[in-house]
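Asker: Shown below is the structure under consideration.
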Amino acid sequence: MKNYHTQARTEWESFEYGGKPYPLTHLRAHEVVYKGQKDTYKFVVTYSLHCFAKDNQEHSIPLTYSDSRETRQINLERYHASKKLRGIIEKLDTKGKLVYETDTEKCFNIELMNSLNQKKEPYKICFHFFKENRMLRIHVTSAFFDRENKEILNKSYSVFKIAMDTKKRPKHKGVPKEACNK
């Protein structure tokens, strides 16, 4: 695996529960390239503990996982859905897909099959776009089935608009604290 110089964790160790191994190799850091009409943007993508862990939820198990910022219970519903994250992020440049901006981060909603109940449900992915060490970065801060499914009334943008703005941003802007999780 390529070694990325980030403040975020680039690999997650597998865990075991009920005698069964649960690999987290699908959440390794990777590159994603978005090819636009005028420019091509290459991002390094990393993932947060929140993609597969959440305390005191229906599918949380009595097993915790830690990063340098916090400790949380593993959530099997989030774990199984997290296996789809890389493919979803790689297709954010598909025409018509929009990313919504909130005060603190950017979000993307889709309908995703929940492998635990076999129903399609709204799935929300939250991330930060930023520059780190002259690299364009995406850090996925959280991903979960959004049962509240509140309508997002904020502005929406294509990934190319976000990439262009991120590339123009001064490098001294800093790394979001959520992305510092080694």
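Asker: In this structure, is residue 95 without any contact (Cβ under 8 Å) to a residue 12 or more places away in the chain and either open to solvent by 50 Å² or more (accessible area, probe 1.4 Å) or of a type outside the set (A, V, I, L, M, F, W, C) (or both)?
Answerer: yes
Asker: Can I ask one more? Looking for whichever is at pLDDT 95 or above and closer than 22 Å to residue 166 by Cβ here; the options are 99, 32. Which one fits?
Answerer: 32
Asker: Another question, if that's okay. Pairs needed: first member in the stretch 158-170, closer than 15 Å to residue 135 by Cβ and in contact (Cβ under 8 Å) with a residue 24 or more places away in the chain; second member anywhere, acidic (Asp, Glu) and surrounded by 13 or more Cβ atoms within 10 Å (Cβ to Cβ); C-beta distance under 8 Å; at least 6 residues apart or different chains.
Answerer: none
Asker: Given (1) closer than 25 Å to residue 52 by Cβ; (2) modelled with pLDDT under 95, identify the lone condition not met by residue 140.
Answerer: Evaluating residue 140 over (1) closer than 25 Å to residue 52 by Cβ; (2) modelled with pLDDT under 95 leaves (2) as the failure.
Asker: Evaluate the following for residue 110: is it touching a Pro at 6+ places or on another chain (Cβ under 9 Å) and outside any loop (DSSP other than H, G, I, E, B)?
Answerer: Here the answer is yes, as residue 110 does meet what is asked.
Asker: May I pose another question? Which of the residues belonging to the stretch 9-22 are under 17 Å from residue 81 (Cα atoms) and open to solvent by less than 60 Å² (accessible area, probe 1.4 Å)?
Answerer: 12, 15, 22
Asker: Moving on. With the condition kept exactly as written, say whether any residue in the stretch 104-114 is at pLDDT 95 or above and open to solvent by 50 Å² or more (accessible area, probe 1.4 Å).
Answerer: yes
Asker: Also: Residues in the stretch 65-88: is at least one among the small types (Gly, Ala, Ser), in a helix (DSSP H, G or I) and touching a residue at least 24 places away in the same chain (Cβ under 8 Å)?
Answerer: yes
So that you can scan it fast, the table gives a plain yes or no per residue for (1) over 30 Å from residue 17 (Cβ atoms); (2) of a type in the set (Gly, Ala, Ser); (3) surrounded by fewer than 20 Cβ atoms within 10 Å (Cβ to Cβ):
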site	(1), (2), (3)
67	no, no, yes
81	no, yes, no
86	no, no, yes
101	yes, no, yes
130	yes, no, yes
135	yes, no, yes
138	no, no, no
143	no, yes, no
163	yes, yes, no
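Asker: Considering only the stretch 25-55, state which residues are open to solvent by less than 10 Å² (accessible area, probe 1.4 Å), touching a Leu at 6+ places or on another chain (Cβ under 8 Å) and part of a helix (DSSP H, G or I).
Answerer: Hits for the stretch 25-55 are 27, 51.
Asker: As an exercise: evaluate residue 53 against (1) of a type in the set (A, V, I, L, M); (2) in contact (Cβ under 8 Å) with a residue 60 or more places away in the chain; (3) farther than 23 Å from residue 5 by Cβ and give the number of the one condition it does not meet.
Answerer: (2)
The values are calculated or read from the model by the stated rules, or taken from the named source; none is laboratory data. All values derive from a computational prediction rather than experimental measurement. A quick note on method: Cβ atoms are made from the backbone with ideal geometry, for glycine too, and the neighbour counts reach across all protein chains shown. Note: accessible area is taken over every heavy atom of the protein model, side chains too, but ligands, DNA and RNA are not part of it. Shrake-Rupley method; radii C 1.70, N 1.55, O 1.52, S 1.80 Å.
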